[in-house]
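One structure below.
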Amino acid sequence: MAQQFPKNTTTPRNRTFEGSFTIDAAGAVTAVKGEGFSAAYASAAGKWNVTLVDPGSTVVSVDVSFEHATGADAVPQAGPYSAKVLQIRLWDISGAALANVAGKMHFGITTSNYRT
Amino acid sequence: MLIDIERSAMPDILTIQGSFGATKGINGIPYLAIEDVVSGGGGNGDSIVESAAGAGDLGQHVDPGLFLASVADAVLTTAKLDMGTVTTHIDTIIEAAAGGVAGNAWQVILMPGAGAGAGVAYEDAVNKIFTWVFQTGVSDVDDFETVITASVALAVETGGTGATLVTTAGDALYSGGDLSGGIAREYVDDDGRTVTMHYTAASTTVAQMETALTAYAAAAGLIKLQTAGTGASVLQAADAFAAMLLLDGYAVEQHGSGCQSVMRTAAGTYVLTLDYPVASRVRAHATMQFNTAADQFAQLGPWVQATKKQTILIWDKSDGALGDFAYHASNRVNWKLAIKLKN
């Protein structure tokens with residue numbers, strides 16, 4: 001049985017999807033943590049697609065972080081969200097371009113059923 | 001304990017979050033804010049000292065660390081005057097009767113006077129002038145030392161050649177007879193890891209102590225001045241303290257819950273230790289917050305499940321390497337972890 005936690009949020013109609021996935025030097029996704037989504041390499045350097053299962057109608061906010069063993073000159077970016085798919089990108093600062101860097105991508109997507 | 005909870009699509013996930021920023025220690029350099037040490041009583045020393053070695057392993061979490069102690073003792077240096085440097089025949093070294101800087105204000109005047117015989121002395125405690133009227137070819141060094149010994153403010157430190165006669169031509173002294181070298185404060189390395197600052201209660205000022213610290217640091221001392229305090233403040237007896245460990249100059253001020261500690265382990269490297277029974281980490285997030293925009297960003301480092309430690313890295317784009325963020329009350333690392341308490 002799922003563990004019960006007290007609900008203590010000012011935004012009861014929000015849902016947060018969060019997880020992480022490991023990427024190798026070629027961009028392939030090798031391990032996923034979290035539920036309610038799937039992650040896959042978008043077959044283009046520095047791009048991955050996160051597909052949500054049963055999200056709300058509106059994306060409220062997105063946050064992305066990149067994990068690297070020793071530190072790297074790369075920053076993650078949130079790309080467009082469309083049809084339940086959020087694209088996550090990795091920008092190589094030195095190369096001034098999207099790139100595949102081995103590491104782990106972390107993300108959080110908050111959606112809402114509140115229609116604006 | 002207040003816990004920040006977000007409604008998650010995965011109800012067995014707990015999200016914990018917080019932020020941390022550097023305190024007075026800058027860029028990982030071990031430091032000690034003296035006013036934080038002394039409470040009640042004196043509390044007039046508000047300088048901040050830091051390790052002269054810079055960022056590194058001399059702080060709180062390294063055995064034996066780097067210590068600073070403060071003692072209001074009588075380890076003073078007295079002001080002196082070698083009369084042989086200002087006269088021809090008087091080779092006595094005189095000193096202030098009391099140690100410390102007060103003696104530096106005294107000056108000696110030697111004035112010839114007909115019929116003075118062994119000489120007559122005048123001691124002006126207000127203006128701190130000691131005058132000896134001598135008779136040329138009659139008064140001698142012994143006579144000079146007798147009046148010095150009889151004085152209140154001065155004393156003979158090293159006796160000279162007593163029978164030498166004093167003459168007008170070689171020994172009249174109207175200026176330049178100033179005592180000097182009195183020190184009421186100093187820093188001493190006790191054992192290679194402990195520095196003790198010695199001062200005179202109700203006499204030494206914060207400014208004097210900081211001047212002494214600058215001189216000590218210039219002579220390859222273990223610590224140096226980071227931030228000056230209130231210079232005019234006079235240190236009191238209550239400002240003494242036993243050896244205090246310099247604190248690691250890393251992020252010690254943290255907000256949020258679920259995090260047992262934050263430690264800076266290397267340049268641009270901060271390790272969070274969680275205090276939850278974590279079964280697994282789902283994901284993490286870190287964002288750097290700046291008062292003034294900077295060319296640095298937060299990046300996640302490794303997560304170690306066994307020790308529940310999450311590393312956060314600060315990457316400096318300009319340097320192309322990890323680097324510490326500058327101290328400012330608004331410069332903070334914001335972090336968030338989604339964890340599972342059971343798999």
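Quickly estimate the mean residue ellipticity at 222 nm for chain B, helices only: each DSSP H run with n ≥ 4 gives -39500 (n - 2.57), and the total goes over all residues, rounded to 500.
So the calculated ellipticity at 222 nm is -2500 deg cm²/dmol.
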For segment B:76-124, what ratio Rg/Rh do Cα atoms give with a Kirkwood hydrodynamic radius? 1.02
Radius of gyration and Dmax over the Cα atoms of chain B, both given in Å: 30.9, 109
Send over the Kirkwood Rh of segment B:218-343, from the inverse of the averaged 1/r over different Cα pairs, rounded to one decimal Å. 17.3 Å
Projected onto the charge dipole of segment B:192-343 (unit charges on the beta-carbon of Lys, Arg, Asp and Glu, signs +1, +1, -1, -1), the Cα from B:Ser233, B:Phe325, B:Thr211 with the largest positive-side position is that of B:Phe325
The exposure ranking of B:Lys342, A:Lys104, B:Lys317, fewest beta-carbon neighbours within 10 Å first, is B:Lys342, B:Lys317, A:Lys104
Assuming R0 = 41 Å, can you tell me the calculated FRET efficiency for the pair B:Ser257 and A:Thr58, based on Cβ-Cβ distance, to the nearest 0.05? 0.90
In the calculated pair distance distribution of segment A:33-101, what percentage of Cα-Cα distances lie above 15 Å? 56 percent
Evaluated at q = 0.13 Å⁻¹: base-10 log I(q)/I(0), Debye formula over Cα of segment B:111-199: -0.54
Between the residues A:Ala28, A:Ala72, B:Gly176, the Cα farthest towards the positive end of the dipole of the protein assembly as shown, that dipole coming from +1 and -1 charges on the beta-carbon of Lys, Arg, Asp and Glu, is from A:Ala28
Compactness check, segment B:269-318: C-alpha Rg relative to the 2.2 N^0.38 Å globular estimate gives 1.31
Cα-based radius of gyration of the protein assembly as shown once divided by 2.2 N^0.38 Å, which approximates compact folds: 1.55
If eta is 1.306 mPa s and T is 10 °C, what Stokes-Einstein diffusion coefficient results for chain A, Kirkwood Rh from Cα pairs, in µm²/s? 106 µm²/s
So how tilted is helix B:141-150 from the main axis of chain B? Cα-based, degrees 0 to 90, rounded to 10. 60 degrees
Computed log₁₀ I(q)/I(0) - Debye formula, equal Cα scatterers, no solvent, segment B:120-168, q 0.22, 0.25, 0.26 Å⁻¹: -0.79, -0.95, -1.00
With bins 10 Å wide starting at 0, give me the P(r) of segment B:187-285 over every alpha carbon pair, in whole percents. 12, 30, 24, 18, 12, 4, 0
Any idea what angle helix B:206-218 forms with the longest principal axis of chain B, computed on alpha-carbon atoms, 0 to 90 degrees, nearest 10? 80 degrees
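What Kirkwood hydrodynamic radius do you get for segment B:303-343 when you take the inverse of the mean 1/r over all pairs of distinct Cα atoms, in Å?
13.0 Å
Here, each number is a calculation from the coordinates, and none is a lab measurement. Note that the structure is predicted; figures quoted are calculated from it, not measured. All Cβ positions, glycine included, derive from the backbone under ideal geometry; neighbour counts span all protein chains shown.
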